[in-house]
Amino acid sequence: MPVGFDTIPAGAVASMVAIEQKYRKAGNSSPGAITQRIALIARFLAAKTPAVNVANPVTNADEVAAIAGYGSEAHLMAITLFANMGNFPALVDYFPLTDGTTAATGTVVFATNASSAGQWTVYIAGKPITISVASGDTPTVQAAALSAAINADITLPVTASPSTGTVTLTSKWKGASANLINIMKNYTGKEINLQPGGTTMTVTTLASGATDPTLPTLSTMFGTTFYTWILMGLNDATSAAALETCFTTRVGALIKKPTMGVMGYVDTRANFLTALGSVASPVRNSPGSCYVPVEGSPMYPGQIAAAVVGQGAVSANADPGRSLRSLPLLGILPGFGVAPWDQTQAEAVEQAGGSVTEIIGGQVVIKDLLTTYKTNAGGAADSSFRYVETVCNIQNKEYQIDTMFRSDPFTRATVITDDDLSSKDYAINPKTVKAYVTSLINTWIANNWSVQRDAIIAGLIVEIDSGNPGRFNILLPDRLSTPLRIVAVSYQWSFAG
């Protein structure tokens with residue numbers, strides 16, 4: 001086959017040394033793994049005026065605060081997100097979400113003068129605020145001290161106003177979800193022992209927040225950008241449905257950008273099961289939504305979701321097929337006085353499509369991260385999309401397939417049969433396509449994203465469409481690797497006889 005040139009004349013006779021250069025992919029090298037990209041969807045403070053539902057690339061929590069305000073829902077979640085990603089250079093876009101209509105309010109009430117010195121500690125969305133109390137301090141003095149300490153910390157999601165022994169707390173953003181900003185006193189035994197004598201502090205948690213914002217159509221808002229993770233501050237049924245609709249739209253054959261939406265949960269296990277529904281009667285049922293509970297945690301649910309997305313993005317970027325089990329949710333406090341779930345309780349939650357966390361050495365870690373998917377379109381039980389890692393694996397592979405066929409030599413290719421001969425590198429036949437796909441499969445096998453290479457290759461079919469000579473039809477029967485879930489040991493013993 002003769003060597004062809006694009007710019008050097010074939011019939012040139014004058015002396016010269018000519019070098020024509022152009023990029024050519026080396027062999028059948030496969031595209032790199034997808035870069036994880038996170039869509040952070042949360043509210044901003046009334047003093048800020050960002051364009052709503054528009055992507056703002058951010059690299060740290062302070063940049064989010066500059067857009068949304070310190071102590072906003074977005075800032076609160078961003079602190080946890082970036083802490084869990086560490087030095088990983090994630091791609092994060094903040095989408096400002098319009099506010100609700102009514103802020104949530106709560107109170108901290110002090111009664112009687114202190115008979116001895118001590119300390120009060122109040123946790124607001126998991127962050128401790130401590131004040132010192134001297135013997136003889138009145139309720140009004142204590143309330144003023146706590147109010148000043150709260151207002152001095154601009155990262156908190158509430159403001160404080162003191163009045164004759166009472167501190168009124170008001171959420172910085174509005175809506176029913178603001179009622180989930182947890183207020184708790186004396187979280188640890190040490191803090192209980194340090195409290196002053198003769199006086200009491202009563203916490204009434206936030207309530208009366210109303211009317212969460214209406215979410216935009218997420219798939220439309222995202223446009224052509226491939227977001228692997230959606231970090232949602234809201235965790236109500238309407239928001240969960242929006243995540244599910246987004247997945248259904250973007251997993252389609254023409255978009256090819258499946259999403260994973262994550263929401264946090266802090267209520268009881270019983271209420272969590274109600275929110276999920278059962279296999280027989282599913283409430284949530286989608287490969288694109290993931291509910292992560294930490295029962296009784298003093299954190300805001302959006303912080304739990306942020307920790308999961310931060311850890312998940314780092315892991316999936318390194319290896320999209322690897323289990324997310326045992327990853328720590330940094331900064332997330334476990335529930336106070338909440339008994340750990342036993343194996344039967346955890347099993348019931350997972351059967352319902354819920355994720356499970358556990359406490360190891362005082363640290364909240366992921367036990368199993370599940371999607372809410374339980375049944376297929378026919379209503380039959382279906383475990384194919386049970387685990388989040390499955391979606392991460394598929395996201396990566398769809399990205400690689402799409403990238404490969406949008407690159408040379410396929411961008412301006414012509415189609416020829418395997419029996420045709422051509423000197424053009426852009427003349428593509430089924431054997432060439434199969435070679436490129438096989439190279440991709442080899443990468444997946446080498447990275448343990450797929451297994452049983454021979455079976456995949458044996459089932460691989462590439463053909464020219466019989467009705468459209470400019471179309472290749474490809475059957476790629478992938479076999480995903482399976483993360484380790486259960487180790488069952490039959491330990492039998494006896495005495496020597």
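Listing for the model above:
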{"read-out": "Selection count, the stretch 178-228, where residues are among the charged types (D, E, K, R) and touching a strand residue (DSSP E or B) at 6+ places or on another chain (Cβ under 8 Å)", "value": "2"}
{"read-out": "Breaking point among (1) part of a strand (DSSP E or B); (2) in contact (Cβ under 8 Å) with a residue 60 or more places away in the chain; (3) surrounded by fewer than 17 Cβ atoms within 10 Å (Cβ to Cβ), for Thr121", "value": "(3)"}
{"read-out": "Subset of the stretch 91-102 that is of a type in the set (A, V, I, L, M, F, W, C) and modelled with pLDDT of 95 or more - its residue that is nearest to Val58 (Cα to Cα)", "value": "Val92"}
{"read-out": "Qualifying position, being in contact with a helix residue (DSSP H, G or I) (Cβ under 9 Å, 6 or more places away or on another chain) and small (Gly, Ala, Ser), among Ala47, Ala78, Ala66", "value": "Ala78"}
{"read-out": "Residue within the stretch 469-489 that is more than 30 Å from Ser323 (Cα to Cα), out of contact with any Ser or Thr (no Cβ under 7 Å at 6 or more places or on another chain) and among the charged types (D, E, K, R) present", "value": "yes"}
{"read-out": "Ala78 being in the same structural domain as Asn53 (by TED's automatic domain parsing) and touching a Leu at 6+ places or on another chain (Cβ under 9 Å)", "value": "yes"}
{"read-out": "Some residue of the stretch 403-419 being under 24 Å from the mean Cα position of the chain (by Cα) and surrounded by fewer than 19 Cβ atoms within 10 Å (Cβ to Cβ)", "value": "yes"}
{"read-out": "Top-ranked residue in the stretch 165-187 [being in a loop (DSSP other than H, G, I, E, B) and at pLDDT 95 or above; ranked as nearest to Thr140 (Cα to Cα)]", "value": "Gly165"}
{"read-out": "Test: residue in the stretch 115-124 that is touching a strand residue (DSSP E or B) at 6+ places or on another chain (Cβ under 7 Å), at pLDDT 95 or above and more than 30 Å from Ile79 (Cα to Cα)", "value": "yes"}
{"read-out": "Counted residues, the stretch 342-375 - those being within 19 Å of Gly261 (Cα to Cα) and at pLDDT below 95", "value": "0"}
{"read-out": "Residue in the stretch 297-305 that is more than 20 Å from Thr268 (Cα to Cα) and in contact (Cβ under 8 Å) with a residue 60 or more places away in the chain present", "value": "no"}
{"read-out": "Residue check, Val167 assigned by TED's automatic domain parsing to the domain that holds Gly71, buried (at least 21 other Cβ atoms within 10 Å of the Cβ), in contact with a Leu (Cβ under 9 Å, 6 or more places away or on another chain) and among the β-branched types (Val, Ile, Thr)", "value": "no"}
{"read-out": "Where Thr105 falls short, out of the listed (1) at pLDDT 95 or above; (2) under 17 Å from the mean Cα position of the chain (by Cα)", "value": "(2)"}
{"read-out": "Qualifying residue in the stretch 77-86 (condition: more than 24 Å from Gly331 (Cβ to Cβ) and touching a residue at least 60 places away in the same chain (Cβ under 8 Å))", "value": "no"}
{"read-out": "Filter result for Ser423 (of a type in the set (Ser, Thr, Tyr) and surrounded by fewer than 18 Cβ atoms within 10 Å (Cβ to Cβ))", "value": "yes"}
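The values are calculated or read from the model by the stated rules, or taken from the named source; none is laboratory data. What you see is a predicted model, and the numbers here were worked out from it, not measured in a lab. We place every Cβ from the backbone using ideal geometry, glycine too, and count neighbours over all the protein chains shown.
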